[in-house]
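Everything below concerns the one structure shown next.
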Amino acid sequence: MIKRPPAGTIPEAPGSYQFKDRNGRVIYVGKASNLRQRLSNYFQNPRNMHARTAQMVRTAESVEWTIVANEVEALMLEYSLIKQHDPRFNVRLRDDKSYPFLAVTSSEQWPRAQVMRGRKRKDTRYFGPYAHAYAIRDTLDLLLRSFPVRTCTQSKFNEHERLGRPCLLFHIEKCSGPCVGEIDEMPYRQLVTELCQFLDGDTDEIVNRLDADMKQAATNLEFEQAARLRDRLEAVHKAISKQQMVADKNEDLDVIGIAEDELEASVQMFYIRKGRVVGRKGFILDKVEDLTPGGLINRILENLYGEEPILGVPKQVLVPYEADDRAVYEEWLELARGSKVQIRVPQRGDRVTLLETVTRNAKEEFTRHRMKRASDHNTRSRALTELQDALELPEAPLRIECYDMAHIQGTNYVGSMVVMEDGLPAKREYRRFKVNEVGSVVGGQSDDYAAMAEVVRRRLQAYLDERDRPVSERTGPDGEGVEGKERKPGKFAYPPQLLLVDGGKGQVSATYQVVQELGLADEIPVAGLAKRFEEIYVPGRSEPVELRRGSEALFMLQRIRDEAHRFANTFHRERRSKSMTVSALDDIAGMGEVRKKKLLKAMGGITKVKQASLEELQAHSFLPDAVAEAIRAKFHSE
């Protein structure tokens, strides 16, 4: 473990620091405006640190630092070192894709449009990135009718130049034929300039010019030329319709949306130029280090703008929450852009709607990413084997049950049980519980432990009742069910091979106590997954079981825990909604179910009903005057 450097040796200056392991490899890179103050945080009791930070400090053998002039230089040095060393304890891209761009070369005599991936090349204009290469080809196919620049390779161009015969694209009017001298160089470069202007978002001037040229050709009775210009204009309008207008025409901004859990974050970015969405990019971040929400924004900005962005740095970057050290990152981006840059969290209006759209894309991509991991059979088998080894189970847990509770201040307590069989959700096995014995607040806090114990006891008691049922009751006197049919097993006939609860030591202890009381401690293993640090607790151990970060076993436990949480909250919302609406009208004479639904729908909810005047209630034809008066009297006498 690393030893603290001698007192006074760490400078009180901005810079970057690097932790190294026993082999001299850099395992973590950070930055600070005050190196002494920041590094002192690492030399404290490990119990007070985040679990990931404590693990990094235990692994490190030495720390070095480099002093720079200011915080922006510290940021730039930190990014450079992370790129160089790829430290294991720094946030990193685990799923960075190579997104395709529409590129227009400018160094060649006859510039061409093409699909490009990878690093930026000199003397090339880039537009995008696009989610799929086919999206570029569709856009390009439309634009070539209006801007017929070449798309062929240089060798193909040279071949047709030598033959003196153009290719098919010239004959279908998707190339102007520079290889055979059908167009001069200056008019051709004008076509290229117009194509780039259009892709930059400057569409009005081109549309107006094509429209004017078409009308002029028709006035001059040049109908074939007018028809060609009409077709070009239609193609331009189709291409414009593919570029969604989301902001004012003079605005350039990037919008960042995030969906995350404790281990990973899905990031989506929309590039908006001249008010139109001209490209998008997405990636998955592995949250190896301990990060605040603002710290995560910092890391995302570093990954997106650390190297010169192909589309440049816009005037504004919209993010879902405030970045830590926002002023430093704005100054850094201003150096890259050459003018003022704002990093903003939108508060109202169209900007909020736009950010919600990008965030929704991030959530959908996160769901696809997790489903892709979960659907692979080999991955699931590996996860189950890892769980068996880590938790010292007698067999691989082919059936895992996870329990979670939901309530508001001790009211409407509900529990959920979700089941995973062979690593996949078995939704037919999901169960919901209304908690009967716990309905109050105990000691100032709701009694989660008692609620969890009740739900687990009811589930396991049902299993024991089914298991211990006499054979004659389970099947019939001759081993068969009623009328010769085999009796179906009960809802809780199968025991879990791992009983997982959402929580830490307290929930695990309460659950294990129930398992012991019912005599199932040797049959059913118990574990808990604490959400804060994704730590796994088992009975009889004070320290959590360590599962490798990013491992398939941890991912599987996390996924079933999240599903139990979702299932419990959905049930709780249903019960809470019912208790807050229907029950408020239950004791009013003349208010049946049909009339309640009609009134709530007509008034827009129970709040509107409570606030309504007698005249407003009597205005509904389905509501008798006596019932309207009773409703008014009930809510205005409370």
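The values are calculated or read from the model by the stated rules, or taken from the named source; none is laboratory data. Please read all numbers here as calculations on a predicted model, not as lab measurements. Note that we place each Cβ from the backbone using ideal geometry, even for glycine, and neighbour counts take in every protein chain shown. When the accessible area is computed, the model is the full protein with side chains, heavy atoms only, and any ligands, DNA or RNA have been set aside. Shrake-Rupley method; radii C 1.70, N 1.55, O 1.52, S 1.80 Å.
Go through the range 465-506 and report how many residues are within 15 Å of ASP404 (Cα to Cα) and at pLDDT 90 or above. Give the steps one after another, and end with the answer.
Going through the range 465-506, the residues within 15 Å of ASP404 (Cα to Cα) turn out to be 498-506.
Filter once more, so that each one left must be at pLDDT 90 or above: 498-501.
Residues in the range 465-506 being within 15 Å of ASP404 (Cα to Cα) and at pLDDT 90 or above: 4 in total.
If we scan the range 90-99, do we find a residue that is closer than 30 Å to THR151 by Cβ and open to solvent by less than 60 Å² (accessible area, probe 1.4 Å)? Yes, the range 90-99 contains a residue that is closer than 30 Å to THR151 by Cβ and open to solvent by less than 60 Å² (accessible area, probe 1.4 Å). Residue-level check: of (1) at pLDDT 90 or above; (2) surrounded by fewer than 22 Cβ atoms within 10 Å (Cβ to Cβ), ARG559 misses just (1). Note on the range 594-613: residues that are open to solvent by less than 100 Å² (accessible area, probe 1.4 Å) and farther than 11 Å from PHE635 by Cα amount to 8. Evaluated against (1) surrounded by 14 or more Cβ atoms within 10 Å (Cβ to Cβ); (2) in a helix (DSSP H, G or I), ARG47 falls short on exactly one condition, (1).
The residues in the range 4-58 that are among the basic types (Lys, Arg) and free of Cβ contacts under 8 Å to residues at least 24 places away in the same chain can be counted, and the count is 2. State yes or no: is ALA568 at pLDDT 85 or above, under 23 Å from the mean Cα position of the chain (by Cα), part of a helix (DSSP H, G or I) and surrounded by 14 or more Cβ atoms within 10 Å (Cβ to Cβ)? No, not satisfied.
PRO178 meets all of the listed conditions (1) crowded, with 18+ Cβ neighbours inside 10 Å; (2) farther than 22 Å from MET116 by Cβ but one, namely (2).
Kindly indicate whether any position in the range 203-224 is among the aromatic types (Phe, Trp, Tyr), part of a helix (DSSP H, G or I) and at pLDDT below 80. So far as the range 203-224 goes, no, none of its residues is among the aromatic types (Phe, Trp, Tyr), part of a helix (DSSP H, G or I) and at pLDDT below 80. Of the numbered criteria (1) open to solvent by 20 Å² or more (accessible area, probe 1.4 Å); (2) among the hydrophobic types (A, V, I, L, M, F, W, C); (3) not in a loop (DSSP other than H, G, I, E, B), the one LEU285 fails is (1).
For the range 333-388, a residue qualifies if it is of a type in the set (Gly, Ala, Ser) and in contact with a helix residue (DSSP H, G or I) (Cβ under 6 Å, 6 or more places away or on another chain), and exactly one does: ALA383.
Only one of PHE157, PHE147 is modelled with pLDDT under 90 and open to solvent by less than 70 Å² (accessible area, probe 1.4 Å). Can you tell me which? Don't jump to the end; show me each part of the working.
Details: PHE157 fails: modelled with pLDDT under 90.
It is PHE147.
Residue check: TYR449 meets all listed conditions (1) farther than 18 Å from GLN497 by Cα; (2) modelled with pLDDT under 85 but one, namely (2).
Please find, among VAL29, VAL57, the residue that is of a type in the set (A, V, I, L, M), under 21 Å from ARG549 (Cα atoms), within 32 Å of the chain's Cα centre (by Cα) and not in a helix (DSSP H, G or I).
Values: VAL57 fails: not in a helix (DSSP H, G or I).
Only one candidate qualifies: VAL29.
Taken across the range 125-132, residues that are modelled with pLDDT of 85 or more, farther than 18 Å from LEU195 by Cβ and loosely packed, with under 15 Cβ neighbours inside 10 Å do not occur at all. Restricting to the range 69-89, count the residues that are under 26 Å from the mean Cα position of the chain (by Cα), in contact (Cβ under 8 Å) with a residue 40 or more places away in the chain and surrounded by fewer than 21 Cβ atoms within 10 Å (Cβ to Cβ). So the count comes out to 2.
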